[in-house]
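Visitor: Pasting a structure below so you can have a look.
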There are 2 protein chains.
Amino acid sequence: MLIECVPNVSEGRWPEIVAAMAAAVRAVPGIRLLDHSSDASHNRSVFTLVGDAAGVEHAVLALFERAVAEVDLRTHRGEHPRLGAVDVVPFVPIQGVTMAECVALAKRVGAAVAERFHVPVYLYEEASNNPARKNLEDIRRGEFEGLAAKMTTDGWAPDFGPAAPHPTAGAAVIGARMPLIAYNINLATDRLDVAKKIAAGIRQSSGGFRYVKAAGFRLEARGIVQVSMNLTNYEKTPIFRVFETVKREAARYGVAVLESEIVGLIPSAALNAAAEYYLQIEGFSADQVLEQKLRRARDSGE
Amino acid sequence: MLIECVPNVSEGRWPEIVAAMAAAVRAVPGIRLLDHSSDASHNRSVFTLVGDAAGVEHAVLALFERAVAEVDLRTHRGEHPRLGAVDVVPFVPIQGVTMAECVALAKRVGAAVAERFHVPVYLYEEASNNPARKNLEDIRRGEFEGLAAKMTTDGWAPDFGPAAPHPTAGAAVIGARMPLIAYNINLATDRLDVAKKIAAGIRQSSGGFRYVKAAGFRLEARGIVQVSMNLTNYEKTPIFRVFETVKREAARYGVAVLESEIVGLIPSAALNAAAEYYLQIEGFSADQVLEQKLRRARDSGE
């Protein structure tokens, strides 16, 4: 069983503190810390770790222990919006685990965080049943500075823990979501209006695909524009449909797609689905992927 | 390090004999027997096993020991052409191993087979430097029945072992090759001539792509035709180029591609290359595939 977890911590300026947090995660048996990176202007660090349910639960609690001790939101300044010391904790199903199991894990971890650290916890995305509290942006609106007031208003009692912020650690947002794909399409034009119109056409917020967030940007150095996207559920809104729609919309303005780019990681299932679509492969199964078959044979210990 | 090996044995009618061969392979430490299947009319069995170089070497020698003891080519009958008891042994690089290492392995196993079992060995595909002895079909032409005469003719001394066939086990063809992709494209027509013309256009033997073997067939039950292919080097002749060419050639006759199908296994790199091509992904690296990154983290024991 493999679950990915990507905790975001509100500390990105003191390397020793971040290193101690990374060490606390690495010390948990069965956990791999794949990556961690800090941004000083955001004053924020992002950790990427994988393991089974028990392992990631322990690792996240170890991270909370360090962060609650080290981070003081009252003096924390940074460009990135934040609500708490450990700001966001998404659990992502990767292999041999369902979304429902990740939701259960998020709730278990949320209850433990509230109990052990007296930090209020909001559930988000798949772990939340409340439409007003699914989106991270909605929960985080007002930030740490507005949290005490927000928590007393109707509908903003936390899912776990006290009905007031932790004095230095604020609140945490914990949940479960699909792997996110950061995907950009570059257009062979310098017309920013075209990129913005296409972005508006494909993103959910203005009537486009349900699991697409998008914006249009100028790539100054190259003299071209970009449709920059987050694909938040590649199974329900697949990458190939988004690509073909952008290509078609661009053609409407006489503009060609120059190239696309995957930023960071992409699940192999998302790439396989694109190959399957374009090559019109019928009856394809993931078991036909050589490496997958080998992995299963190894894991089964046959 | 992972090497795939797909020995073909000239026995497909006696399940107990095939089961004993499978057991001999499975008994080798570090070897996984992924699959084995027998065909009675071909009177032939195909084993698919994976492991490191030392493991597959031991497994292949164990298979030779059983096959040389059990198979008698003098009385062997079957539809499939064959030269020996263990007829063909390809080594295929999968992960953490180069083609050059698989070639070296093929030569080492070839020398060992000749020495231990007095079976002459021909090297083929990447393991052969002789253009007349790269193709399996060329080496096997004349079959077991014509082997004694063929071995005395110019240019047909074996690479290892005696210059005459083993009396009951014939000769073996051992080499190294890329993973093979069995790929079919079904056309929305019943015109066999169209499938045959397209097959002729894309296969190497009649002027097409270098690493494509192809033939046109009728799928009687469905009333359609099929271009059936083996892609013998998906890096140099990628699947997407073959698919697009078949689609274009079919359009020439007013015929559409109905669907395609992957028969058996396909390396993930071949699927990723198709996704990359159609989505126009620039600067893509296999390290961006989530599962690959996880596998590396696990294997490195970090």
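Visitor: I'm checking my understanding of the structure. Among residues of the stretch B:251-269 that are more than 8 Å from chain A (Cβ to nearest Cβ) and at pLDDT 95 or above, which one is surrounded by the most Cβ atoms within 10 Å (Cβ to Cβ)?
Guide: Checking each candidate, the answer is B:Val255.
Visitor: Further question on the same structure: Kindly indicate whether any position in the stretch B:274-282 is within 8 Å of chain A (Cβ to nearest Cβ), of a type outside the set (Lys, Arg) and in contact (Cβ under 8 Å) with a residue 60 or more places away in the chain.
Guide: Among the residues of the stretch B:274-282, not one is within 8 Å of chain A (Cβ to nearest Cβ), of a type outside the set (Lys, Arg) and in contact (Cβ under 8 Å) with a residue 60 or more places away in the chain, which makes the answer no.
Visitor: Every residue in the stretch B:49-67 that is within 14 Å of chain A (Cβ to nearest Cβ) and either part of a strand (DSSP E or B) or touching a residue at least 60 places away in the same chain (Cβ under 8 Å) (or both), please.
Guide: If the condition is that a residue be within 14 Å of chain A (Cβ to nearest Cβ) and either part of a strand (DSSP E or B) or touching a residue at least 60 places away in the same chain (Cβ under 8 Å) (or both), then B:Leu49, B:Val50, B:Gly51 are the ones that fit.
Visitor: Any idea how many residues of the stretch B:113-155 are assigned to a loop (DSSP other than H, G, I, E, B) and basic (Lys, Arg)?
Guide: Qualifying residue count, the stretch B:113-155: 2.
Visitor: Still on this structure: Does at least one position in the stretch A:218-225 carry a residue that is in contact with a Leu (Cβ under 7 Å, 6 or more places away or on another chain) and at the interface with another protein chain (Cβ under 9 Å from one of its Cβ atoms)? Break it down into steps so the answer makes sense when it comes.
Guide: We begin by selecting, within the stretch A:218-225, every residue in contact with a Leu (Cβ under 7 Å, 6 or more places away or on another chain); these are A:218, A:224-225.
Restricting the remaining residues to those that are at the interface with another protein chain (Cβ under 9 Å from one of its Cβ atoms) gives none.
No, that holds for no residue.
Visitor: Ok, one more. Mind telling me which of the residues A:Arg26, A:Arg108 ends up being closer than 27 Å to A:Arg133 by Cα, modelled with pLDDT of 95 or more and not aliphatic (A, V, I, L, M)?
Guide: Going through A:Arg26, A:Arg108 in turn, just one is closer than 27 Å to A:Arg133 by Cα, modelled with pLDDT of 95 or more and not aliphatic (A, V, I, L, M): A:Arg108.
Visitor: Name the residues in the stretch A:234-250 that are touching a Phe, Trp or Tyr at 6+ places or on another chain (Cβ under 9 Å), more than 9 Å from chain B (Cβ to nearest Cβ) and among the β-branched types (Val, Ile, Thr), would you?
Guide: The answer is A:Thr237, A:Val242, A:Thr245.
Visitor: Tally up the residues in the stretch A:2-48 that are in a loop (DSSP other than H, G, I, E, B), out of contact with any strand residue (DSSP E or B) (no Cβ under 7 Å at 6 or more places or on another chain) and either within 14 Å of another protein chain (Cβ to nearest Cβ) or among the hydroxyl-bearing types (Ser, Thr, Tyr) (or both), please.
Guide: Going through the stretch A:2-48, the residues in a loop (DSSP other than H, G, I, E, B) turn out to be A:6-7, A:10-14, A:27-31, A:40-43.
Within this subset, residues satisfying the condition of being out of contact with any strand residue (DSSP E or B) (no Cβ under 7 Å at 6 or more places or on another chain) are A:13-14, A:27-29, A:40-43.
Retained after the next criterion (residues that are either within 14 Å of another protein chain (Cβ to nearest Cβ) or among the hydroxyl-bearing types (Ser, Thr, Tyr) (or both)): A:27-29, A:41.
Matching residues across the stretch A:2-48 total 4.
Visitor: Now, a different point. Considering only the stretch B:208-252, state which residues are in a helix (DSSP H, G or I) and of a type in the set (Phe, Trp, Tyr).
Guide: Our first condition is that a residue be in a helix (DSSP H, G or I); within the stretch B:208-252, this holds for B:220-222, B:239-252.
Matches in the stretch B:208-252: B:Phe240, B:Phe243.
Visitor: Does the stretch B:141-155 include one or more residues that are in contact with a Pro (Cβ under 9 Å, 6 or more places away or on another chain), crowded, with 16+ Cβ neighbours inside 10 Å and over 17 Å from B:Leu73 (Cβ atoms)?
Guide: Checking the stretch B:141-155: not a single residue is in contact with a Pro (Cβ under 9 Å, 6 or more places away or on another chain), crowded, with 16+ Cβ neighbours inside 10 Å and over 17 Å from B:Leu73 (Cβ atoms).
Visitor: Follow-up question, since we're still on this one. Only one of (1) within 14 Å of chain A (Cβ to nearest Cβ); (2) farther than 21 Å from B:Val9 by Cβ; (3) of a type outside the set (D, E, K, R); (4) buried (at least 18 other Cβ atoms within 10 Å of the Cβ) fails for B:Pro179. Which number is that?
Guide: (2)
Let's see how each residue does on (1) without any contact (Cβ under 8 Å) to a residue 12 or more places away in the chain; (2) within 20 Å of the chain's Cα centre (by Cα):
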position	(1), (2)
A:Lys150	yes, no
A:Leu187	no, no
A:Val212	no, yes
A:Thr245	no, no
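Visitor: Quick test for you: out of A:Glu115, A:Glu137, A:Glu126, pick the one residue that is in contact with a Lys or Arg (Cβ under 7 Å, 6 or more places away or on another chain) and either surrounded by fewer than 14 Cβ atoms within 10 Å (Cβ to Cβ) or in contact (Cβ under 8 Å) with a residue 40 or more places away in the chain (or both). Walk me through it before giving the result.
Guide: Values: A:Glu115 fails: in contact with a Lys or Arg (Cβ under 7 Å, 6 or more places away or on another chain); A:Glu137 fails: in contact with a Lys or Arg (Cβ under 7 Å, 6 or more places away or on another chain).
Residue meeting the stated conditions: A:Glu126.
Visitor: Another question, if that's okay. Given the conditions (1) assigned to a helix (DSSP H, G or I); (2) facing another protein chain (nearest Cβ under 9 Å); (3) modelled with pLDDT of 95 or more, which single one is not true for B:Asp287?
Guide: Unmet condition: (3).
Visitor: Can you confirm whether the stretch A:50-67 contains a residue that is at pLDDT below 95 and among the β-branched types (Val, Ile, Thr)?
Guide: Yes, the stretch A:50-67 has at least one match.
Visitor: Can you tell me which of (1) surrounded by fewer than 21 Cβ atoms within 10 Å (Cβ to Cβ); (2) in contact with an Asp or Glu (Cβ under 9 Å, 6 or more places away or on another chain) is the one A:Phe217 doesn't meet?
Guide: Going through (1) surrounded by fewer than 21 Cβ atoms within 10 Å (Cβ to Cβ); (2) in contact with an Asp or Glu (Cβ under 9 Å, 6 or more places away or on another chain) one by one, A:Phe217 breaks only (2).
Visitor: Checking the structure you have, find out if any residue of the stretch B:68-83 is more than 30 Å from A:Val289 (Cα to Cα) and without any contact (Cβ under 8 Å) to a residue 12 or more places away in the chain.
Guide: yes
The values are calculated or read from the model by the stated rules, or taken from the named source; none is laboratory data. From a predicted model like this one, the values you see are computed outputs, not experimental measurements. FYI the Cβ positions are ideal-geometry reconstructions off the backbone, even for glycines, and counts take in every protein chain you see.
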